[in-house]
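First up is the structure itself, then whatever we jot down about it.
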Amino acid sequence: MWQLLGQFILKYRLFLLLILLALTSFMAYHASKVELSYEFARAIPTDHPKYKTYQEFRKKFGEDGNLLVIGVQTNELFQEKTFNSYDSLQKTLKGINGVEDIISVPSAVNLVKDSMTEKLMAQPIFRDTSLSQREIDSSKNIFLSLPFYKTILYNPEMNAWLMGVRINKNVMNSKKRIDVVESITSQANNFGKNNGLQIYLSGLPLIRTEMATRIANEMKWFLVASVILSAFILLLFFRSVGTMLLSLAVVITGVVWSLGTIHLLGYKITLLTALIPPLIVVIGIPTAFIS
């Protein structure tokens, strides 16, 4: 049987090579379309009671994991220059495509009873314009008198102030979030630089974006490093550039097919599947070496 198969391959080698080249080109096209996964992988089954409880919590209280936090520590926030700059930062961030809402000191509201309707009305504490020092001081007293914002937007013991930036959940699950997070980070750092303040950034959007970027970079570096090391080993043993290139061509074809298969099956590159290309190279080299 194997002899007949070998004879068939040798007899129609040109035709089979053309088919292989066409299929590899098809797989290379799909491999170029493979995307990174920007979602956390589920650690427990969907029918697990804890998972169902978590989904009920999200349904009741809204989407989680899309709040990026900007922190600053200063006792001069309510100085005219610093506060107006802080307010400008909020307005700039709100104009970034993908940012849904921002909660911070300049956007804080106070609940005031309407004597006509007997309802509570939300009124901004700080006017939406450039404020003078007197206006800032007047509104500051109202803001600090409200216990609701204490330990949420500020910590009086540490002189720490927080700005929460909510990012659209669809943007969070796409590659667009890299640009959004970079824009937010850039604007926040510019504010800190212009006012001589240290900026602290946190939140799942920042962490998940950093993780996804690292996965992409590390996959490229591991793949390139494994190919270079494999080429060196093949050249060292075979002492032939042609044999080395032929063996690498077989291994790289396997990598292209693996990435193309991932895309064809509707999967994305995750922390686990990012190991597939380097593993294909490492596992394929002994096979090429034996052949």
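The values are calculated or read from the model by the stated rules, or taken from the named source; none is laboratory data. Quick caveat, the model's predicted, so the values are computed rather than measured. No Cβ is skipped: glycine too gets one built from the backbone with ideal geometry, and neighbour counts run over all protein chains shown.
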**Request:** State which residue pairs qualify: first residue farther than 30 Å from ILE178 by Cβ and inside segment 95-116, second residue surrounded by 12 or more Cβ atoms within 10 Å (Cβ to Cβ) and β-branched (Val, Ile, Thr) in any location, beta carbons under 8 Å apart, and separation of 6 or more residues or different chains.
**Result:** ALA108/ILE125; VAL109/ILE125; ASN110/ILE125; ASN110/ILE142
**Message:** Which pairs turn up if I take residues in segment 223-239 that are assigned by TED's automatic domain parsing to the domain that holds VAL255 and among the polar types (S, T, N, Q) and look for partners that are surrounded by 12 or more Cβ atoms within 10 Å (Cβ to Cβ) and in a helix (DSSP H, G or I) with beta carbon separation below 7 Å, at least 6 apart in sequence or on another chain?
**Reply:** SER226/PRO278; SER226/VAL281; SER226/VAL282; SER230/LEU248; SER230/VAL251; SER230/VAL281; SER230/ILE285
**Request:** Can you tell me which residue among LYS176, LYS268 is in contact with a strand residue (DSSP E or B) (Cβ under 8 Å, 6 or more places away or on another chain), in contact (Cβ under 8 Å) with a residue 60 or more places away in the chain, closer than 30 Å to GLY65 by Cα and surrounded by fewer than 18 Cβ atoms within 10 Å (Cβ to Cβ)?
**Result:** LYS268
**Request:** Go through (1) outside any strand (DSSP E or B); (2) over 27 Å from LEU201 (Cα atoms); (3) modelled with pLDDT of 80 or more one by one and return the number of the condition ALA122 breaks.
**Result:** (1)
**Complete:** When every residue in segment 2-32 that is β-branched (Val, Ile, Thr) and modelled with pLDDT of 85 or more is compared, the one farthest from the chain's Cα centre (by Cα) is ILE19
**Complete:** Among PRO277, PRO205, the single one that is of a type outside the set (Lys, Arg) and either in contact with a strand residue (DSSP E or B) (Cβ under 7 Å, 6 or more places away or on another chain) or assigned by TED's automatic domain parsing to the domain that holds ILE184 (or both) is PRO205
**Item:** Residue list for segment 120-162, restricted to those being touching a residue at least 24 places away in the same chain (Cβ under 8 Å), under 20 Å from SER85 (Cα atoms) and in contact with a strand residue (DSSP E or B) (Cβ under 9 Å, 6 or more places away or on another chain)
**Value:** PHE143, LEU153, TYR154, ASN159, ALA160, TRP161, LEU162
**Request:** Would you check if ALA41 is assigned to a helix (DSSP H, G or I), small (Gly, Ala, Ser), under 30 Å from THR253 (Cβ atoms) and modelled with pLDDT under 90?
**Result:** no
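If the requirement is being assigned to a helix (DSSP H, G or I) and more than 19 Å from SER32 (Cα to Cα), which of these qualifies: ILE283, ILE252?
ILE283
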**Request:** Among the candidates ILE70, ILE9, single out the residue that is in contact with a helix residue (DSSP H, G or I) (Cβ under 9 Å, 6 or more places away or on another chain), among the β-branched types (Val, Ile, Thr) and under 28 Å from SER186 (Cα atoms).
**Result:** ILE70
**Request:** Considering only residues that are among the polar types (S, T, N, Q) and part of a helix (DSSP H, G or I), look in segment 211-241 and name the one that is surrounded by the fewest Cβ atoms within 10 Å (Cβ to Cβ).
**Result:** ASN217
**Asked** Among MET219, MET244, which is assigned by TED's automatic domain parsing to the domain that holds ILE283, over 30 Å from TYR86 (Cα atoms) and within 25 Å of the chain's Cα centre (by Cα)?
**Response** MET219
**Asked** Within the bounds of segment 55-72, is there any residue that is part of a helix (DSSP H, G or I), farther than 15 Å from MET163 by Cα, touching an Asp or Glu at 6+ places or on another chain (Cβ under 9 Å) and not assigned by TED's automatic domain parsing to the domain that holds ARG166?
**Response** yes
